[in-house]
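Colleague: Before we start, here is the structure in question, set down as structure tokens.
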Amino acid sequence: MIHHHLVPPINEATARALHVGDTVTLDGALFGIRDATQIAMFDRKRKTQFDLRGHAVIHTAPNVRKVELSPENPAGFAPVCIGTTTSARMERFTRPLMAEEGVRLIIGKGGLGDASKAAFTEIGGAYLAVIGGTAALETTWIEAIEDVDFVDLDPECLWRFRINGFGPLLVGMDAHGESLYERVQAVANARRAEVLARLGVRS
Amino acid sequence: MKVDPATIEDVAKLLYIRALKLLPDDIKLGFSRLSANEGDATGRSVLATMVENIAIAERTNNLLCQDTGVPIYNVVIGRGVEVDGVALKAAIARGCEAATRGHPLRSSVVHPLTRINEQTSCGRRVPVINIDFSEQENALTIEMIPKGSGSENGSFLKMCIPAEGIDGIKTFVIDKVMEAGGKVCPPTIVGVGVGGTSDLCMHLAKVAATRPLGSVCDDPEGARLESELSVAVNALGIGAQGLGGDSTAFAVHVETAATHITLNPVAVNIQCHSARRATVTIALEGIRFGF
């Protein structure tokens with residue numbers, strides 16, 4: 001188990017150096033995306049002004065406050081509470097995010113599925129687990145909202161955050177075909193029959 | 001006792017913000033209990049981070065979770081309370097909107113077809129307002145639940161048939177907890193509705209999922225079932241955040257209703273570990289906030 005400190009953009013080799021069970025802390029830029037953001041990008045073919053190549057994205061839609069433009073709030077939004085949403089709903093967007101936009105790291109909660117695992121393996125990327133529901137903590141890792149695209153989708157815009165010590169995050173899926181979530185599901189599948197038997201369920 | 005809509009609007013606003021920031025003591029105790037029994041190192045670390053987050057939210061006066069949820073208000077009107085019901089519902093919606101714009105909070109509510117967000121946390125039939133009545137003299141209580149969507153997506157109904165019996169109910173709960181895995185932000189409260197009609201069954205699952213930890217189903221048969229299932233789900237190894245361990249759920253809660261001779265419905269509604277709720281009691285003595 002290795003701890004990695006990364007400042008995106010990262011290259012393919014760096015992404016492939018991450019292994020399930022490792023931990024990661026990020027600094028620099030982080031992009032917030034969600035369901036509507038990706039429906040806009042990949043189903044409705046809206047092009048973002050941001051260069052996502054080598055970057056990390058987080059499945060989120062933040063609570064923000066509209067404020068005057070200032071050096072602290074260059075996009076006119078101040079962070080209020082920023083956390084993580086369930087990743088599984090956005091499973092089908094992993095491949096286009098990586099293949100078309102060049103994203104290397106996806107941060108979320110609850111894990112992604114087989115199509116994402118294949119994309120991480122083939123293109124070189126990883127899924128980093130943050131603890132869902134701990135947004136008050138995550139907000140302390142975010143310094144500012146630097147920029148925003150697709151502002152009409154508020155709160156599901158494409159957000160560019162400036163982060164400071166974002167983590168530790170747990171590598172939940174890696175570029176070597178490993179997934180912590182699959183391992184846990186395999187354990188549950190193996191225990192199911194015994195659990196039901198103890199409940200007196202006749203097989 | 002006469003209750004003024006302006007008072008309702010005020011408390012509806014305060015309840016939403018309070019619920020998003022302060023976790024009830026029974027849930028905090030639930031974390032202590034799970035942490036003491038967790039055998040997995042990752043599980044212990046995940047639970048510790050969740051407990052740290054509760055303290056940070058209190059210290060920084062911030063929301064526990066970014067998901068402001070679907071706002072639900074459960075109103076219970078006691079005897080002798082005079083209130084204009086139509087005005088009460090409108091006042092709750094105004095309070096909900098005022099919290100959203102004033103704090104500000106993320107409006108998480110959209111039209112189901114156009115997906116347009118009015119930025120008010122309100123919309124057609126939302127906030128959800130449930131109204132019931134009690135024997136309590138001169139007291140009106142409102143419970144506010146900001147129901148998080150990650151766990152709300154862990155909602156399932158099966159119209160089992162009588163021949164499937166209680167085995168069908170137990171198997172369905174276990175299989176849905178497995179299917180939900182880490183997506184519903186475990187440790188959870190697994191709410192189970194048994195009986196009734198399809199809509200009542202689903203509603204009971206929500207009532208069960210949002211009941212305080214430590215409370216027991218007042219139907220002895222339901223109480224026995226929730227006790228058995230509480231042990232069973234934590235033997236699956238899904239664990240906190242679906243990353244493995246013994247802390248899949250704080251508890252399984254069951255609510256029951258009589259059903260038809262041909263029916264055997266079972267519903268599951270899951271509450272994530274950010275099991276937020278806030279209550280207010282408006283009485284002759286004054287206004288008192290709690291959980």
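Colleague: Give the stretch B:175-199 a look and list any residue that's within 10 Å of chain A (Cβ to nearest Cβ), aliphatic (A, V, I, L, M) and buried (at least 24 other Cβ atoms within 10 Å of the Cβ), or say none.
Modeller: Residues satisfying the conditions are B:177, B:180, B:184.
Colleague: Restricting the search to the stretch A:180-196, which residues are surrounded by 21 or more Cβ atoms within 10 Å (Cβ to Cβ) and either more than 11 Å from every other protein chain (Cβ to nearest Cβ) or of a type in the set (Val, Ile, Thr) (or both)?
Modeller: A:184, A:195
Colleague: Which one of the conditions (1) facing chain A (nearest Cβ under 9 Å); (2) crowded, with 19+ Cβ neighbours inside 10 Å; (3) not aliphatic (A, V, I, L, M) does residue B:104 fail to meet, given that it meets all the rest?
Modeller: Result: residue B:104 passes all but (2).
Colleague: Specify the residue that is farthest from the other protein chains (Cβ to nearest Cβ); the eligible residues are those in the stretch A:120-139 that are surrounded by 24 or more Cβ atoms within 10 Å (Cβ to Cβ) and closer than 12 Å to residue A:105 by Cβ.
Modeller: This residue is A:125.
Colleague: Does residue B:238 count as aliphatic (A, V, I, L, M), assigned to a strand (DSSP E or B), in contact (Cβ under 8 Å) with a residue 40 or more places away in the chain and under 20 Å from residue B:47 (Cα atoms)?
Modeller: Here the answer is no, as residue B:238 does not meet what is asked.
Colleague: Another one. When residues of the stretch B:264-291 are filtered for being in contact with a helix residue (DSSP H, G or I) (Cβ under 8 Å, 6 or more places away or on another chain) and surrounded by 16 or more Cβ atoms within 10 Å (Cβ to Cβ), how many remain?
Modeller: Qualifying residue count, the stretch B:264-291: 18.
Colleague: Go through the stretch B:126-148 and count every residue that is surrounded by fewer than 17 Cβ atoms within 10 Å (Cβ to Cβ) and either within 12 Å of chain A (Cβ to nearest Cβ) or among the acidic types (Asp, Glu) (or both).
Modeller: So the answer is 3.
Colleague: May I pose another question? Name every residue in the stretch A:1-38 that is within 13 Å of residue A:174 (Cβ to Cβ), in contact (Cβ under 8 Å) with a residue 60 or more places away in the chain and among the aliphatic types (A, V, I, L, M), in order of residue number.
Modeller: Listed by number, the residues that qualify are A:15, A:18, A:20, A:24.
For (1) closer than 24 Å to residue A:13 by Cα; (2) within 11 Å of the chain's Cα centre (by Cα); (3) part of a strand (DSSP E or B); (4) not hydrophobic (A, V, I, L, M, F, W, C), each residue gets a yes or a no:
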site	(1), (2), (3), (4)
A:54	yes, no, no, yes
A:65	no, no, yes, yes
A:83	no, yes, no, yes
A:89	no, no, no, yes
A:93	yes, no, no, no
A:103	yes, yes, no, no
A:121	yes, no, no, yes
A:127	yes, yes, yes, yes
A:143	no, no, yes, yes
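Colleague: Scan the stretch B:180-219 for residues that are among the acidic types (Asp, Glu) and either closer than 13 Å to residue B:253 by Cα or in contact (Cβ under 8 Å) with a residue 24 or more places away in the chain (or both) and jot them down.
Modeller: B:218, B:219
Colleague: Taking into account only those residues within the stretch A:64-113 that are out of contact with any helix residue (DSSP H, G or I) (no Cβ under 9 Å at 6 or more places or on another chain) and of a type in the set (Lys, Arg), which is nearest to residue A:128 (Cα to Cα)?
Modeller: That would be A:65.
Colleague: Moving to a separate point now. When you scan the stretch B:40-98, how many residues do you find that are among the charged types (D, E, K, R) and part of a loop (DSSP other than H, G, I, E, B)?
Modeller: Here the count works out to 3.
Colleague: For the stretch A:7-24, give me each residue that is crowded, with 17+ Cβ neighbours inside 10 Å and either within 14 Å of another protein chain (Cβ to nearest Cβ) or under 20 Å from residue A:142 (Cα atoms) (or both).
Modeller: Within the stretch A:7-24, A:8, A:9, A:10, A:20, A:22, A:23, A:24 qualify.
Colleague: Quick one: is residue A:170 under 15 Å from the mean Cα position of the chain (by Cα), at the interface with chain B (Cβ under 8 Å from one of its Cβ atoms) and assigned to a strand (DSSP E or B)?
Modeller: yes
Colleague: Taking the stretch B:235-280 on its own, how many of its residues are within 14 Å of chain A (Cβ to nearest Cβ) and of a type outside the set (Gly, Ala, Ser)?
Modeller: So the answer is 15.
Computed from the coordinates by the stated procedures, all read-outs in this text should not be read as laboratory data. Quick caveat, the model's predicted, so the values are computed rather than measured. When we count neighbours, we look across all protein chains shown, and the Cβ atoms used for this are built from the backbone with ideal geometry, even at glycine.
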